[in-house]
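Asker: Got a structure here, written out as structure tokens. Questions coming.
The values are calculated or read from the model by the stated rules, or taken from the named source; none is laboratory data. If you're wondering where the values come from, they're calculated on a predicted model, not measured in any experiment. Counting neighbours? That spans all protein chains shown, and the Cβs are built from the backbone with ideal geometry, glycine included. With ligands, DNA and RNA removed, areas are computed over all heavy atoms of the protein, side chains included. Shrake-Rupley method; radii C 1.70, N 1.55, O 1.52, S 1.80 Å.
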Amino acid sequence: MSLKVGLVYNEPIPDRYDTMGEAEAIADVLEEVKAVEVALNELGHQVAKVGLVPPLEEVRCIVQGLDVDVYFNLFEGFAGCPETEAMVAGMLAVTGRPYTGSYPCTLSLALDKAKTKEMLMAAGVKTPPYQLLRAGEADRLTLNFPCIVKPVGEDASHGLTAESVVTDRDGLARQLARVCASYGGAALVEEFIDGRELSATIMGNHALRVLSVSEIVYNLPPGLPPLLTFGAKWTLDDVYFLNTDPVCPAQIEQALWDQVAEISLKAYRLVGCRGYARVDTRLGAGGEAYVLEVNPNPDISYTAGAARQAEAIGLTYSQFIDKIIALAMSGDSS
């Protein structure tokens with residue numbers, strides 16, 4: 001059945017990430033949009049591309065005025081205002097038309113890494129111990145070194161560099177000052193889990209399926225911490241990009257595969273994901289999996305982990321996109 005699909009995304013515009021050298025993640029959305037547009041055309045759908053720019057009042061009028069059967073939601077938040085991702089999803093929801101991906105409340109929760117971790121911990125899901133600290137509060141740390149210092153409300157590896165992993169209070173103080181100045185508020189400080197890094201993409205509303213499990217393999221020069229930095233994702237000549245390789249499916253024993261799948265499914269349900277999401281984990285010293293992040297509406301461009309995991313189970317890219325549309329059209333029934 002041919003559908004009228006509104007392909008909604010954030011149009012790259014100048015923002016605060018430009019001055020921090022992190023604009024690549026925002027511009028990359030256009031590659032994702034093109035890939036999805038091609039797939040939707042191959043599936044026989046009519047596509048209306050809708051690149052959104054501020055202000056939000058105009059966005060509301062635009063999305064409500066679209067004559068479409070379903071919204072394909074690739075909106076990731078206006079640059080520098082990641083909280084707008086959930087706001088725009090809310091605008092899609094109030095139209096009463098189907099839209100792909102997770103609910104606004106889920107997107108808002110997942111963006112707040114501390115709240116997500118509290119929910120996981122309360123349910124008995126392992127996640128690295130953490131504290132929220134502000135600049136000048138290094139002396140309040142009660143965690144064990146090494147630690148990793150992250151922005152508490154960003155995605156796409158914004159703010160992550162080799163210096164994000166700290167081994168003493170002086171290093172912690174420097175990173176707290178940098179992160180808090182650049183991103184505002186407190187920083188998320190976690191005990192750094194340096195074991196194997198695995199991720200699982202899950203699809204479904206109620207009946208869930210783990211597509212596959214991938215591993216991020218690091219072959220970094222000595223002294224660099226194994227970490228999926230901003231450069232590893234977005235900067236082609238960065239040492240992390242050149243020495244970080246995804247392996248899909250992960251070359252792991254079945255018992256570990258099952259453990260990662262189980263904890264990822266539990267995290268997916270707890271955070272309230274719908275349609276599709278990616279759960280990132282790391283292995284502790286004893287081989288137990290810790291949830292690092294839950295990523296609803298993750299990147300689904302051709303080369304992204306979610307598409308790679310779909311391919312690993314025999315889905316073409318167009319079939320992957322078709323399943324995302326089908327989950328949106330079916331609502332909460334599957």
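Asker: Given points 7 Å out from each Cα along the Cα-Cβ axis, report the residue 258 to residue 114 separation in nanometres with one decimal.
Answerer: Calculated label separation equals 3.8 nm.
Asker: What accessible area per residue comes out for the chain, rounded to a whole number of Å², with a 1.4 Å probe? All intermediate terms of the calculation are to be shown ahead of the outcome.
Answerer: Numbers: 14010 Å² over 334 residues.
Per-residue value: 42 Å².
Asker: Next up: What does the accessible area of residue 241 come to, in Å² to the nearest 10, when a probe of 1.4 Å is used?
Answerer: Accessible surface of residue 241 is approximately 70 Å².
Asker: Can you check what the net charge comes to around residue 211, using other residues whose Cβ is under 11 Å from the Cβ of residue 211 (Lys, Arg +1; Asp, Glu -1)?
Answerer: On the way: positive: 209, 278, 308, 323; negative: 311.
Around residue 211, the charge tally is +3.
Asker: Return the tail of the calculated pair distribution for region 207-270, meaning the percent of Cα-Cα pairs more than 13 Å apart.
Answerer: Numbers: 1369 of 2016 pairs.
Counting pairs separated by more than 13 Å, the tail of P(r) holds 68 percent.
Asker: Can you tell me, using C-alpha contacts under 8 Å and at least 6 residues apart, the relative contact order of region 248-312 as a whole percent? List each step's numbers first, then the result.
Answerer: Details: 64 pairs, mean separation 19.0, N = 65.
The normalised contact order for region 248-312 reaches 29 percent.
Asker: Count the net charge of all other residues whose Cβ sits under 15 Å from the Cβ of residue 91, scoring Lys and Arg as +1 and Asp and Glu as -1.
Answerer: Details: positive: 60, 97; negative: 57, 58, 76, 83, 85.
Spelling it out: positives minus negatives among the neighbours equals -3.
Asker: With θ taken as phi - 60° and the coefficients 6.51, -1.76 and 1.60, list the Karplus ³J(HN,Hα) couplings across region 244-253 in order, rounded to whole Hz; mark glycine and proline as x.
Answerer: Those phi angles translate into 10, 10, x, 10, 9, x, 4, 8, 9, 5 Hz.
Asker: Roughly how many percent of the accessible protein surface of the chain is carbon and sulfur, given a 1.4 Å probe and a whole-percent answer? Working shown, then result.
Answerer: Values: 7450 of 14010 Å².
Heavy-atom surface of the chain belonging to carbon and sulfur, 1.4 Å probe: 53 percent.
Asker: For residue 251 and residue 42, calculate 0.36 nm times their separation in residues minus their Cα-Cα distance, and state this gained length in nm to one decimal.
Answerer: Details: separation 209, 0.36 × 209 = 75.24 nm, distance 3.29 nm.
Between residue 251 and residue 42, full extension yields an extra 71.9 nm.
Asker: Moving to a separate point now. May I ask for the net charge around residue 259, where only other residues with Cβ less than 15 Å from the Cβ of residue 259 are counted and Lys, Arg are +1 while Asp, Glu are -1?
Answerer: Values: positive: 126, 196, 266, 282; negative: 197, 215, 253, 258, 262, 280, 288.
Counting the neighbours of residue 259, the net charge comes to -3.
Asker: Looking at the chain, what % of its DSSP beta bridges pair antiparallel, to the nearest 5?
Answerer: On the way: 38 of 50 bridges.
Expressed as a percentage, antiparallel bridges in the chain total about 75.
Asker: Kindly provide the helix-only [θ] at 222 nm of the chain, computed as the sum of -39,500 (n - 2.57) over DSSP H runs of four or more divided by all residues, to the nearest 500 deg cm²/dmol? Walk me through the numbers before you get to the answer.
Answerer: On the way: 13 runs with 123 residues, N = 334.
It comes out at -10500 deg cm²/dmol, rounded to the nearest 500.
Asker: Stick to Cα atoms and the Kirkwood definition of Rh, then tell me Rg/Rh for the chain.
Answerer: Numbers: Rg = 19.4 Å, Rh = 20.4 Å.
Answer for the chain: 0.95.
Asker: Just want to confirm a number: the relative contact order over the chain, from Cα pairs under 8 angstrom separated by 6+ residues, in percent.
Answerer: Values: 654 pairs, mean separation 62.2, N = 334.
Relative contact order here is 19 percent.
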